[in-house]
Amino acid sequence: MAAPVADSRSWFPALALGVSLLKCLFISCYHSTDFEVHRNWLAITHSLPVSRWYYENTSEWTLDYPPLFAWFEFGLSHVAQHFDRNMLLVENLNYASPSTVLFQRLSVVFTDLVFIYAAKECCRCVQEQKSSRDVLNRPSFVLAVLLLWNFGLLIVDHIHFQYNGFLFGFLLLSVAKHLQSQHLQGALLFSVLLNLKHIYLYVAPAYGIYLLRSYCFTQDNKDGSVRWRSFSPLRLLALGSIVTSTCALSFGPFIVMRGLCHAYWAPNIWALYNVLDKSLATLGVRLKLLEEAELPKASMTGGLVQEFQHSVLPSVSPSVTLVCTLLSILPAVASIWWRPCGARGFLRCLLLCALGSFMFGWHVHEKAVLIAILPLSILAVESREDAGIFLVLSTTGHYSLFPLLFTPAELPIKVVLMLLFTIYSVTALRKLHRGQGSLLHPLEVVYLLGLIAVAITCEIVFPLSPWQQKLPFLPLLATSVYCSVGVCYSFLRLYISLLRREEKPKQP
């Protein structure tokens, strides 16, 4: 007999409260320049008329998110004034009084309520094991931990500082609504998300094709082929109305009134391309085939978004990355168009769109890997194969975020948090899928254990070595290149699983 449903009413709030209290412990930790970015946006939206929000440039951190996020900052600013009004002065650049730090940290914790609610809805979507009486070994419990206690979100939002939890809440809630066959609600939530942050355009093709195929074509034939006579213009109109009305609310007031590598190399295909170019250039100089003085001097690991020229290989332009991205996701979106698929097929396509854009996109931020890791958690608790992919992707993707926290004080925090999350992920998913075979192949285990060697070298050995002054970019290079192998491998495995898997008819 399965444990009563009421159990979830006790353990889920406890998990959510526990992680919220943990987040509060990070209030006095290091924070990145993103802290000043959002403080400046609070000041802009609070102190200036709407017509000037996107033109104010006193600070170099100008407002560059879509309008709904600007309105979000506007709402926060009215609470911020009760903590310290000086933070809302545009001219107070790099202002970080204790009250300002407290407010901004707490604002991230508070707005994470959206993410907590979305995680709860996602837990409702997974199929429970009726034979399991142990709450700790239930898919819903494991999923709740993987989402609420996600290592990447903890360090990126609550130490480095951003509002990704709030944004991912909309993404996961939208996915949950599609899993629950509430497609209009899912479309509305995703439309809102696009007007909060444009990076989620990565997964827009998955949404567009899935909704057109599964919602607007209402009467498929038995063979699953698409016939225009089954097309519902009314449903298409409903979807279009949701998108246009959301954009109108977001951009309306403004209308009426008037790089390849980001920061350091994101662990994607271009990290491998860049290191190959550097290796060939170095080899060419040593063999006296190239003159060192003639090579481009732009740094690919200098911490800034910038364009640069490759030394030996052809330089990559934005148009090339766009073509590569479209080609990488084309089989995925074609698959859910031509084959009948449920919401799980849509979720796989979403993951591939996220990873394809991450791997081949222009000026991709390393934190964008979380767009794939978080939704993959849902599939990981339901499938042994997906659990293995999740372990590889989450471990490499999370470790690739280590350089974001580069101060010595945060080293123990990030190491302990990642170890705890990784150990729990391995043990919990192994118990969940016991009797179905090993989650990881031996070579995958060897590769993941190699991260320990990379971490010790980059975090402990290299800072004490004489190479630190000569080759300061080596830790970033090693981290990005090593992790890119795991990300690329996970992308290929996800593609194979999508193309081979037939969606079960009983799934929503």
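The values are calculated or read from the model by the stated rules, or taken from the named source; none is laboratory data. Everything numeric here is computed off the predicted structure, so don't read it as measured data. Each accessible area value is taken on the protein alone, full model and side chains, heavy atoms only, with ligands, DNA and RNA left out. Shrake-Rupley method; radii C 1.70, N 1.55, O 1.52, S 1.80 Å.
Residue ranking by accessible heavy-atom surface, 1.4 Å probe, largest first, among GLU385, GLU410 comes out as GLU385, GLU410.
Of the listed pairs LYS23/LYS414; LYS414/LYS470; LYS120/LYS177, which have alpha-carbon separations greater than 18 Å here?
LYS414/LYS470
Over 25 Å, how big is the tail of the calculated P(r) for the stretch 12-143, in percent of all Cα pairs? When all Cα pairs of the stretch 12-143 are counted, 40 percent exceed 25 Å.
So if I take the centroid of the Cα atoms in the stretch 317-380 and the same for the stretch 16-44, what is the distance between those two points in Å? Result: 29 Å between the Cα centres. With contacts taken as Cα pairs under 8 Å at a separation of at least 6 residues, the stretch 330-385 carries a relative contact order of 31 percent. These residues, VAL108, VAL323, go from largest to smallest accessible area, 1.4 Å probe, as VAL323, VAL108. When ARG85, ARG493, ARG344 are compared by accessible surface with a 1.4 Å probe, the order from highest to lowest is ARG85, ARG493, ARG344. A 1.4 Å probe run over the protein chains yields, for the stretch 338-456, 33 Å² of accessible area per residue, whole-number rounding.
Let me make sure I get this right: for the stretch 101-190, a, b and c are the square roots of the gyration tensor eigenvalues over alpha carbons, sorted descending. Under 1.5 in a/c it's rounded, otherwise prolate if a/b > b/c, else oblate. Which is it? Note, shape of the stretch 101-190 comes out oblate.
At the residue level, ASP64 shows approximately 90 square angstrom of accessible surface with a 1.4 angstrom probe and all protein chains present.
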